[in-house]
Amino acid sequence: MNNALNQPQTILVLGGGSDIAHAIVRALVSPTLRTVVLAARSTEPITIAGLPSGVDVEQIPFDATDHAGHQSLVDGAAQRHGDIDVIIQAFGQLGSSVGDDPVAAAQLVAVNTAGAVSSGIAAAAQLRRQGHGTLVVLSSVAGVRTRPSNFVYGATKAGQDAFSTGLGHALHGSGARVMTVRPGFVRSQMTAGMEPAPFSVDPDDVGAAVAKGLRRRQSIVWVPGVLRLVFGLLRFAPDIVWRKLDR
Ligand SMILES: NC(=O)c1ccc[n+]([C@@H]2O[C@H](COP(=O)([O-])OP(=O)(O)OC[C@H]3O[C@@H](n4cnc5c(N)ncnc54)[C@H](OP(=O)(O)O)[C@@H]3O)[C@@H](O)[C@H]2O)c1
């Protein structure tokens with residue numbers, strides 16, 4: 001963040017088509033915002049609805065499983081646009097039916113966990129060099145206690161979350177920061193057609209919570225906030241209760 005109001009000038013989105021990331025970018029719009037870099041798998045042009053016309057959007061190719069390419073991607077964005085104030089790690093797959101397929105399950109880990117680790121380390125190197133900036137990691141409550149119906153996804157998000165919170169501690173004192181975001185059910189492309197879970201929210205609710213968290217320099221943000229309490233209790237619910245709660 002490079003003004004007194006903590007408003008970003010340059011944002012890099014890893015997973016540039018994500019509904020939640022678009023909502024976060026919208027929530028971070030201010031007169032200071034100049035550039036948004038969308039790093040995405042898709043070669044189709046991506047538009048962020050509601051973004052003012054004065055903001056430049058650059059779209060670059062990105063695959064979460066191209067672990068060897070992540071450092072040069074982040075470095076290249078910084079070389080073209082200068083310091084990056086916010087990097088949003090927003091890619092991810094739900095992988096609903098991978099629980100009985102060893103290869104598909106390992107591929108999900110390669111995207112959601114290994115991709116989060118390689119791109120997170122690349123982002124951290126850039127933010128550390130700058131001495132400022134925040135990596136916003138879209139984790140999930142699914143990783144807090146893994147559910148029988150999507151335990152592989154939950155496991156990938158648990159790995160991403162453990163990495164993210166640990167990285168935040170490792171960066172302490174460098175000026176660079178990590179914000180780990182733990183949404184519950186978000187009504188986005190990822191969950192289209194699914195029945196919303198209790199405490200479900202819209203992407204814009206996540207955007208507002210992240211913007212507020214950045215202003216307050218929070219390291220962990222639950223969306224909605226009540227999930228912190230709910231999962232504080234569910235974490236210790238008896239196994240039989242936990243299995244019954246799973247839909
Ligand atoms: N929606 C929820 O309920 C919810 C709740 C908690 C946490 N989250 C997390 O929030 C993040 C964003 O989710 P969302 O709801 O915004 O879903 P989304 O709109 O489906 O966005 C996910 C993005 O990840 C991209 N992606 C998937 N695999 C990729 C790969 N190998 N390389 C590069 N990009 C890849 C997708 O690109 P393609 O279009 O090319 O597939 C898509 O743009 C995810 O990490 C998700 O786990 C979501």
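Each value in this text was obtained by applying a stated rule to the coordinates, not by laboratory testing. The structure presented is a predicted model; accordingly, all values stated were derived computationally and were not measured. All Cβ positions, even for glycine, are placed from backbone atoms using ideal geometry, and neighbour counts span all protein chains on display.
Here are some notes:
- Cα long-axis angle, helix 203-216 against the chain (0 to 90 degrees, to the nearest 10): 60 degrees
- From its DSSP helices (H runs of at least four residues, each -39,500 (n - 2.57)), the chain gives a residue-normalised ellipticity at 222 nm of -11500 deg cm²/dmol.
- Relative contact order of the chain, taken over Cα pairs closer than 8 Å and 6 or more residues apart, is 20 percent.
- Å³ per residue enclosed by the Cα convex hull of region 70-168: 84 Å³
- Selected from 113, 232, 91, residue furthest toward positive end of dipole (the chain; charges at beta carbon): 232
- Cα gyration tensor shape for region 153-225, rounded if a/c is under 1.5, else prolate or oblate: oblate
- Under a model in which nothing but the beta-carbon of Lys, Arg (+1) and Asp, Glu (-1) is charged, the chain shows a dipole of about 880 debye around its Cα centre.
- For region 67-164, relative contact order (Cα pairs under 8 Å, six or more residues apart, normalised by length) works out to 36 percent.
- Charge-dipole axis of the chain as Lys and Arg at +1 and Asp and Glu at -1 on Cβ define it, positive-most pick from 11, 158, 57: 158
- Centre-to-centre separation between the Cα atoms of region 94-151 and those of region 187-201: 19 Å.
- Nearest 10 degrees, 0 to 90: helix 151-170 Cα axis against the chain principal axis: 40 degrees
- Cα-Cα separations in the chain greater than 21 Å, expressed as whole percent: 55 percent
- Cα-based helix-to-principal-axis angle, 115-130 vs the chain, degrees rounded to 10: 30 degrees
- Volume per residue of the C-alpha convex hull in region 108-154, rounded to whole Å³: 64 Å³
- Using C-alpha pairs under 8 Å with a sequence gap of at least 6, the mean separation divided by the residue count of region 60-117 gives a relative contact order of 51 percent.
- Bridges between two residues of region 18-154, per DSSP, are antiparallel at a rate of about 0%.
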